[in-house]
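Heads up: the structure comes next, in structure tokens.
What follows draws every value from the coordinates through simple rules; no lab data is involved. Keep in mind the model is a prediction, meaning the values are calculated, not measured. Backbone-built Cβ (ideal geometry, glycine too); neighbour counts: all protein chains shown.
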Ligand code: DAT
Ligand code: MG
């Protein structure tokens, strides 16, 4: 299997509860390596741009409010099959439907405050990494 990079976020609901380390440990324990990381407080413009694919959805305003409500840790993760592996460790979007042992089952509060983001495909991983990181900030 190929070594991949994916984009991950520890969302404001989690950073506010001081879960940056706990969540990063779950990612590392699953074999993913943090090759870039920084803490940002997203502007509305940044959140709207990042989630532009969802702009017609009824929850878009709520999503932007949530993502701009506190700090987010943006990360690049590297490892074998990293994109699918990260989605597996994250669990389902709605924590009520997430499998035992996943980040969302363990830590998420609701479908809107679901603690983490992970890219869903190679194309989105590439776009999302480039949205937040310069190539020189990624150190594998
Ligand atoms: P995922 O984050 O699992 O990739 P997604 O891409 O469908 O899920 O949605 C992006 C984010 O939008 C999700 O993490 C939380 C929010 N969201 C999705 N569906 C929602 C809903 N029905 N109500 C409120 N927020 C929602
Ligand atoms: Mg998504």
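Relative to the present Cα-Cα distance, how much length would full extension add between residue 84 and residue 109 at 0.36 nm per residue of separation? Mind dumping the intermediate values first?
On the way: separation 25, 0.36 × 25 = 9.00 nm, distance 2.28 nm.
Net length gain for the segment: 6.7 nm.
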How would you rank 114-121, 132-139, highest first, on the average number of other Cβ atoms within 10 Å across their residues? 114-121, 132-139
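Provide the FRET efficiency to the nearest 0.05 for the residue 138-residue 41 pair, computing r from the beta carbons and using R0 = 22 Å.
Details: r = 21 Å, r/R0 = 0.96.
It comes to 0.55.
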When the chain is fully extended, how far beyond the present Cα-Cα distance does residue 53 get from residue 33, taking 0.36 nm per residue of separation? 4.5 nm
For the pair residue 2/residue 25, report the inter-label distance in nm, with labels modelled 7 Å from Cα in the Cβ direction. 3.4
Arranged from highest to lowest average of other beta-carbon atoms within 10 Å per residue, in what order do the peptides 78-91, 60-73, 2-15, 33-46 appear? 2-15, 78-91, 60-73, 33-46
On each of the three principal axes the extent of the alpha-carbon atoms of region 94-139, given in whole Å and largest first, is 37, 19, 19
In Å and whole numbers, how far do the C-alpha atoms of the chain stretch along each principal axis, longest first? 38, 34, 27
